[in-house]
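All remarks here apply to the structure that follows.
The values are calculated or read from the model by the stated rules, or taken from the named source; none is laboratory data. Keep in mind that what you see is a predicted model, and the values were worked out from it rather than measured. Note that each Cβ is placed from the backbone with ideal geometry, even for glycine, and that neighbours are counted across all protein chains shown. When the accessible area is computed, the model is the full protein with side chains, heavy atoms only, and any ligands, DNA or RNA have been set aside. Shrake-Rupley method; radii C 1.70, N 1.55, O 1.52, S 1.80 Å.
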There are 2 protein chains.
Amino acid sequence: MDYAKQYQEYLARANQALEKACETFLPEESEVCRAARYSLLGGGKRIRAVLVLAVCDMLNGSAEAAEQFAAAVEMLHCYSLIHDDLPCMDNDDLRRGKPSCHKAFGESTAMLAGDVLLTEAFNVVANAPASPIVSVQAAKALGAGAGSHGMVYGQELDLKYEALAATEEQLRLIHRNKTGALINAAVQMGAAAAQANETQCKELEDYAFGIGLVFQIVDDVLDVTSTAEQLGKPIGSDSENGKTTFVTLYGAEGAMELAKKLNNETCASLHEEFGEKAAFLEQLAKELLVRRS
Amino acid sequence: MDYAKQYQEYLARANQALEKACETFLPEESEVCRAARYSLLGGGKRIRAVLVLAVCDMLNGSAEAAEQFAAAVEMLHCYSLIHDDLPCMDNDDLRRGKPSCHKAFGESTAMLAGDVLLTEAFNVVANAPASPIVSVQAAKALGAGAGSHGMVYGQELDLKYEALAATEEQLRLIHRNKTGALINAAVQMGAAAAQANETQCKELEDYAFGIGLVFQIVDDVLDVTSTAEQLGKPIGSDSENGKTTFVTLYGAEGAMELAKKLNNETCASLHEEFGEKAAFLEQLAKELLVRRS
């Protein structure tokens, strides 16, 4: 398997699915939808979309359904970034190296752009070319990952612990909800497109939360070791805000050690369940450790 | 049929379904969910929920499914009010006679409360005790009514024409999207719970947009003829903002004449399709004309 080539293929399919979703669900005549497109189509690694497609592929599922689910999870992720950047939240002016949505379109349009992306993400799932059983399964996965037992709860915890010193346990709880839950939604939507069984879903859940945590630990490290140009956003913001991170807990090296250890465990477990077919997902996990942005 | 008694029965079932949805989907330990509950459980006429239940009843559908759909549409409506009240939108301090969500909980918590209600509304639909076909149908109805071809588009148009003089045609387009689309979602979710046929759905769509427009015309009239105590919100805000309304176009009396005419047409058409069984929905339409708040 040529990992890089395979990733590019998934990425191209994800971007194509997003373009198609925009045509139907984010009509050009709406300024709010144009703002949504501005944020949605601005590039990015599309890790969540790639995960949907790769999991579906590994389990020989329906590529067509998975493509729409891939678009949906990226729309949902994008809404969370737009709302997160707003003045009443993190107040970030820059996202992926360009002005954040509210900087480009104003606050009310940006908020509505987030609202419309969230709504249309569920619309995309409901209208996917899949059996109703598969669609409902995917909608449940997306809803569970995005809502009060997932991402929104993570955002709340993140705001709550911004000013307080958090323990490792609290930090893990934040990341599990803020990042892990939506990564798990992506993975479970891929599994839904392949009508995976319960054992497979459970194993994939462990993988999702495992790589979600690794992703966040590396994020904490990059915040102190990378440059603003590489990241496309300001660096050092966590330490400036006095936030507890894995770096403040263990130092940059200690945090990377932890990430490597977690990653090895996650990959070994996945390999045990899916064997050689898990190669792409294992490599994806490993790439998270060496990413520069 | 005793209309008032029947309405109270539907209302009680809707409120019960909402309480139940809160237990599962808006857990107490989350401040964001407590803010969502504050706005969601603050009373109200629950017209949209009642419509879901009444339509399902008229077509002999599944009451259990309809109750969850009723909860979902009220959650969605509630999210739209919370976001609408935010400083970057209408900046309203009062809602249903008490402090609006951001006044009570702060801006970031209120925004997340809206986000969580929107997300969990779709979760409630996906987890309804219904066949996957019914759930997907209901999710499509909710998504279509709430998104870029419905309510969010209406909010955008409303902001856009706030400063501009609107024609009657533009005003109708705003209301069709801002109010009518979600009322139609409610009605179509009731129809989905009863697996209604296409002709029935089309007739119900006309009814939904018909009463949605009447509701808005009466709203415009109440804004100049009612008191703040009766409405539970400030009056005269439209004219202060120089907004075009049906009252600025036709005067209060002329607007009420138009509302009556539209209402008669809507009810006659509904009666033709559903006969005596439409009695409750016809009466509901008529009550919209004489409401005081």
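Contact order for chain A, expressed relative to its length and based on alpha carbon pairs under 8 Å spaced 6+ residues apart, stands at 19 percent. Heavy-atom surface analysis with a 1.4 Å probe gives the range B:3-290 a carbon and sulfur content of 49 percent of its accessible area. For the residues A:84, A:206, a 1.4 Å probe over the protein chains yields an accessible-area ranking, largest first, of A:206, A:84.
So how do A:98, B:20, B:260 rank on accessible area, 1.4 Å probe, biggest first, that is with the largest at the start?
Details: A:98 60, B:20 140, B:260 95 Å².
Final ranking, largest accessible area leading: B:20, B:260, A:98.
Within the full protein context, the accessible area of residue A:1 is estimated at about 140 Å² for a probe radius of 1.4 Å. May I ask which residue of B:24, B:72, B:182 lies farthest towards the positive end of the charge dipole of chain B, with charges of +1 (Lys, Arg) and -1 (Asp, Glu) on Cβ and the Cα centre as origin? Comparing the listed Cα positions along the dipole, B:24 ranks first.
Rolled with a 1.4 Å probe across the full set of protein chains, the surface gives residue B:149 an accessible area near 110 Å². Mean partner shielding of peptide A:125-131, defined as the number of other chain Cβ atoms within 10 Å of each residue Cβ, is 4. Average accessible surface for the protein assembly as shown: 40 Å² per residue, computed with a 1.4 Å probe over protein heavy atoms with every protein chain in place. Each copy carries a label point for residue A:198 at 7 Å from Cα along the beta-carbon vector; from one copy to the others these points are 4.1 nm apart, nearest first. Sorted on the mean count of surrounding Cβ atoms within 10 Å across their residues, most packed first, peptides B:140-148, B:216-224 read B:140-148, B:216-224.
Amide H contacts of residue B:94: B:100, each under 5 Å away and 5 or more positions distant or on a separate chain (H built 1.01 Å from N in the peptide plane; Pro and chain starts excluded).
Between the listed residues B:197, B:209, B:258, the Cα displaced farthest toward the positive end of the dipole of the range B:137-293, a dipole computed from Cβ unit charges relative to the Cα centre, is found at B:197. Put the Cα centre of the range A:67-82 next to the Cα centre of the range B:115-133 and the gap is 18 Å. Only Lys, Arg, Asp and Glu carry charge here, each on its Cβ (+1 for the first two, -1 for the last two); on that basis the protein assembly as shown has a dipole of about 120 debye about its Cα centre.
Taking the Cα centre as origin and putting +1 on Lys and Arg beta-carbons and -1 on Asp and Glu beta-carbons, what dipole magnitude results for chain A, to the nearest 20 debye?
On the way: 26 positive and 42 negative charges, 54 e Å.
So the dipole magnitude of chain A works out to roughly 260 debye.
The heavy atoms of residue A:167 offer some 70 square angstrom of accessible surface to a 1.4 angstrom probe.
Sorted from shortest to longest, the distances between the residue A:167 label points of this copy and the other copies are 6.7 nm, with each point 7 Å from Cα along the line through the beta carbon.
Across peptide B:106-117, what mean number of C-beta atoms from other chains lies inside 10 Å of a residue's C-beta? Could the numbers behind the result be given before it?
Numbers: counts 2, 4, 10, 4, 1, 8, 9, 3, 5, 13, 9, 3.
The mean count of partner-chain Cβ atoms within 10 Å per residue comes to 6.
At a probe radius of 1.4 Å, figure out the A/B buried accessible area, summed over both chains, and give it in Å² to the nearest 100. Summing both chains' loss of accessible area gives about 3400 Å². For the range A:3-19, the Karplus equation 6.51 cos²θ - 1.76 cosθ + 1.60, evaluated at θ = phi - 60°, returns couplings of 4, 4, 5, 4, 4, 4, 5, 4, 4, 4, 5, 5, 5, 5, 4, 5, 4 Hz by residue, with Gly and Pro reported as x. Distances between equivalent label points of residue B:42 across the copies, with each point positioned 7 Å along Cα→Cβ, amount to 3.3 nm, shortest listed first. Shielding value for A:22-35 is 3, the average number of Cβ atoms from other chains within 10 Å of each residue's Cβ. Shape of chain B from the C-alpha gyration tensor: oblate (a/c of 1.5 or more and a/b not above b/c, with a ≥ b ≥ c the square roots of its eigenvalues).
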